[in-house]
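The next block holds one structure in the form of structure tokens; read it before the comments.
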Amino acid sequence: MTNRPIRKKIRLENYDYSGNGAYFVTICTKDKMCILWDNRDKYEPLKQSVPLVGAHSVRPKMSGKIHLSEYGKCVKMGLKNINVHYPMVFTDKYVIMPNHIHVIIRISNDVADRRTVCAPTLSLIIKQFKEYVTKQIGFSIWQKSFYDRIIRNEREYNAFREYIEANPENWESDELFIQG
């Protein structure tokens with residue numbers, strides 16, 4: 001019998017992850033590989049008014065436009081398809097970073113003019129999203145599991161929306177940043 005490490009439970013016990021609610025979700029690539037952005041135009045020489053002396057410095061250039069790699073484009077399509085498969089599930093806001101994604105997923109069983117349908121759990125939504133991307137690419141790019149935070153009120157919801165919007169600009173200070 002092998003002594004495998006016991007995985008820490010990361011889901012809230014006795015919480016209904018298929019009920020109405022919103023979740024801030026982070027999904028990382030396997031080994032945190034930076035494969036979701038295309039690196040073109042990522043760095044430009046640091047412009048200075050004085051002559052450069054010594055090492056050549058570069059700073060990330062954030063033009064406001066992220067160039068997704070082919071893998072990143074598959075991820076974007078997968079996020080957009082979640083609502084096609086589950087009409088009661090909405091991806092309210094997301095950002096695709098080089099080695100992870102952040103997304104606010106909202107489950108709402110209260111959509112008018114529709115018969116009651118059993119909503120999937122958050123784990124099933126993420127599992128099927130990952131499977132869709134894996135099938136499109138031909139192999140898995142994902143680490144096991146995902147991180148989630150139940151959004152408890154409008155203040156938290158707005159804070160996560162702002163975090164997602166600012167994430168590309170703050171990439172180098174992100175805890176998942178890996179020098180490329």
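The values are calculated or read from the model by the stated rules, or taken from the named source; none is laboratory data. Predicted, not measured: the structure shown is a model, and the values here were computed from it. Virtual Cβ from ideal backbone geometry, glycine too; neighbours counted across all protein chains shown.
Being within 19 Å of residue 34 (Cα to Cα), surrounded by 14 or more Cβ atoms within 10 Å (Cβ to Cβ), at pLDDT 95 or above and out of contact with any Ser or Thr (no Cβ under 8 Å at 6 or more places or on another chain), is that true of even one residue in region 141-158?
So far as region 141-158 goes, no, none of its residues is within 19 Å of residue 34 (Cα to Cα), surrounded by 14 or more Cβ atoms within 10 Å (Cβ to Cβ), at pLDDT 95 or above and out of contact with any Ser or Thr (no Cβ under 8 Å at 6 or more places or on another chain).
Please work out if residue 163 is among the hydroxyl-bearing types (Ser, Thr, Tyr), surrounded by fewer than 17 Cβ atoms within 10 Å (Cβ to Cβ) and either within 27 Å of residue 13 (Cα to Cα) or in contact with a strand residue (DSSP E or B) (Cβ under 8 Å, 6 or more places away or on another chain) (or both). So that I can check it myself, show each step before the final result.
Working: among the hydroxyl-bearing types (Ser, Thr, Tyr): yes; surrounded by fewer than 17 Cβ atoms within 10 Å (Cβ to Cβ): yes; either within 27 Å of residue 13 (Cα to Cα) or in contact with a strand residue (DSSP E or B) (Cβ under 8 Å, 6 or more places away or on another chain) (or both): yes.
When the stated conditions are applied, residue 163 passes them.
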